[in-house]
Amino acid sequence: MSTQTDYYELLQVSHDCDGATLKSSYRKLAMKWHPDRNPGDAEAEAKFKEISHAYECLKDPQKRAAYDQYGHAAFENGGFGGGGAGHEGFSDIGDIFETIFGGGTGGFGGRQRGPQRGADLRYDMEITLEDAYHGKSTEIEVDIASACQPCGGKGAEPGTGVRTCNLCGGSGKMRAQQGFFMVERTCGGCHGRGEVIESPCRNCGGEGRVDETHTLAVEIPQGVDNGTRIRLTGKGEAGPRGAPAGDLYIFIHIARHSLFERDGTTLFTKAPISFTTAALGGEIEIPGLDGTSHKLSIPAGIQSSKQLRQRGAGMPVLQGRGTGDMVVQIDVETPTRLSSRQKELLREFQETETGDESPNSKGFFDKIKDAFAG
């Protein structure tokens, strides 16, 4: 643009105008000279860029003050007022960044190549512990933004197309120099796409995608645990205007089980047994998640909180071989409902006790006696 054109004159405002007046005048002129309103008019496009550049300068109080004092020289050689050492071989700060980073018209790294993929989605699924043990084939229904069928996801009415954005030249970015720096912003004309749809699709409004309910098949492998993530590639949100779809991630949550608690591949449960079984020993059966009953031998004299381990009766290893263990914690239950005969037998047993039958109890009370005797 011509650096000799006065910014205030371009925006048709006085030098002492306030910010509201400046903004209002800019909006009117921008609407008048916008390239979309003047297709193919190079003069209108140049005029639009001139007034946009002027407004970018004057709307900033610091830059406006510098411009009022130094004029166009305020923005030459990368600083206010000029007169600095400058940057030999570069016309502006943007040239320096382009040389260092290999940038082109689209900014420091050039325009992003290729369409931007759609967003990834999350779906939370609750299953039973039995489902986690055996694995499961199921279906889910998910509302997903999918590619519009009438326009094939392009966003344009069938038979029409898109054109390069006149405002940014297809880069999707707009540049404005602010003091020492070249600031890059998303183009407001094409919203960063670099293209403008001439006739937006009536079905999707030019977005290229619509919300639809999809039924998806899901395979839950054996051994999944809380937080296990299953990825369905390409089943996420469709990208805008024909861009690739994102992925759908299914997060597994296992419902609380009535019998077992889980830690990795180990299953924990508690088994109450009678005090006679604890004293004499015996056998108990625990139903496993595999559908079989697991028999555990109770050694005579077992105490409460003792844990018994059944090898291979736990959870399958996720995407591996083998299974974990089942750990059964024994709780010795003291009887609360005794018949007269049972009480009589217990009294007879009590009369024959010497203390050696329960060494822990005997040792504890011996310590108490010694403490008091001392």
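Quick notes on this one:
- The range 187-217 versus the range 305-357: alpha-carbon centroid distance in Å: 66 Å
- Simple label model, 7 Å out from Cα along Cβ direction - His257 to Thr292, nm: 1.6 nm
- Peptides 315-324, 241-250, 12-21 ordered by packing proxy, namely the average of other Cβ atoms within 10 Å per residue, highest first: 241-250, 315-324, 12-21.
- Cα→Cβ-extended label distance, 7 Å offset, between Ala42 and Glu283, nm: 9.9 nm
- Under the criterion of Cα pairs below 8 Å and six or more residues apart, the relative contact order for the range 163-261 equals 18 percent.
- Prolate/oblate/rounded label for the range 168-236 (Cα gyration tensor, a/c 1.5): oblate
- Whether the range 120-221 is rounded, prolate or oblate, judged on the alpha carbon gyration tensor where a/c under 1.5 counts as rounded: oblate
Each reported figure results from applying straightforward, stated rules to the coordinates on display, with no laboratory input. As the structure is a prediction and not an experimental result, all values here were calculated from the model. Heads up, the Cβs are rebuilt from the backbone with ideal geometry, glycines too, and the neighbour counts pull from every protein chain shown.
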